[in-house]
Amino acid sequence: MKAWWIIPNRDQRDDILASDGHTIQPLKEILDPRLRPEGFSHGVPNELLERCGESLGQILFAQKFPRWDGNKQLFFVCTPAGVDSSGRVVHLGLLFILEPQERPQFDLPCAALSAEDQAYALTLIHRMTSPAHQDSWALSVRELAELPSNRGPVTNVALHRSAVPFSSLYDAGPGGLTRKFRFGRKRSLVAPEV
């Protein structure tokens, strides 16, 4: 397993930075832009920020790309990490490159991050390693991590405006997450007629 923090772009630089917990380097040196899977997002998509309204701080967005770069798997989870000087939401993420049967381990050191980013990193680590029973966002990410790798690209929550079709486990809205009845479909709350 290889893992890196994707550091919030608070200064609106051209380069997105990443850290293995000890050193910092441009993300493009870790994940060549030409090899990034279609639909890869290094932040929470705007449509989720819009749909979830005031629960912004609770959002965890995760993507899983099985069979990426041969038999490797790309797994990414991110969360809003405040705003930059212009008021734009910035994100902190964890990027994993996994072997076929590996699962992400959410215990990456964060000493190289700024004090502000360390606070968000420690919160993310705590949510992923000790999720509260009522933290449906963290539970959805853990469930995504445990899914078998025999599907195409998958997200923990549905993206309705994505140009790339993703299967998903949950739908998100202002009230939180709604589990889909079947993988990729919403649960019907209406009883079938007999």
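The values are calculated or read from the model by the stated rules, or taken from the named source; none is laboratory data. None of these values were measured; they are calculated from a predicted model. Note that we place each Cβ from the backbone using ideal geometry, even for glycine, and neighbour counts take in every protein chain shown.
Summary of values
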read-out	value
Residue match in the stretch 46-64 (condition: assigned to a strand (DSSP E or B) and of a type in the set (A, V, I, L, M, F, W, C))	yes
In the stretch 104-146, the residues that are assigned to a loop (DSSP other than H, G, I, E, B) and among the aromatic types (Phe, Trp, Tyr)	106
Test: residue in the stretch 161-177 that is among the β-branched types (Val, Ile, Thr) and touching a strand residue (DSSP E or B) at 6+ places or on another chain (Cβ under 9 Å)	no
Breaking point among (1) modelled with pLDDT of 90 or more; (2) of a type in the set (D, E, K, R); (3) surrounded by fewer than 16 Cβ atoms within 10 Å (Cβ to Cβ), for residue 193	(1)
Conditions (1) out of contact with any strand residue (DSSP E or B) (no Cβ under 9 Å at 6 or more places or on another chain); (2) free of Cβ contacts under 8 Å to residues at least 60 places away in the same chain: number failed by residue 103	(1)
Residue check, residue 158 surrounded by 13 or more Cβ atoms within 10 Å (Cβ to Cβ), touching a strand residue (DSSP E or B) at 6+ places or on another chain (Cβ under 7 Å) and of a type in the set (Gly, Ala, Ser)	yes
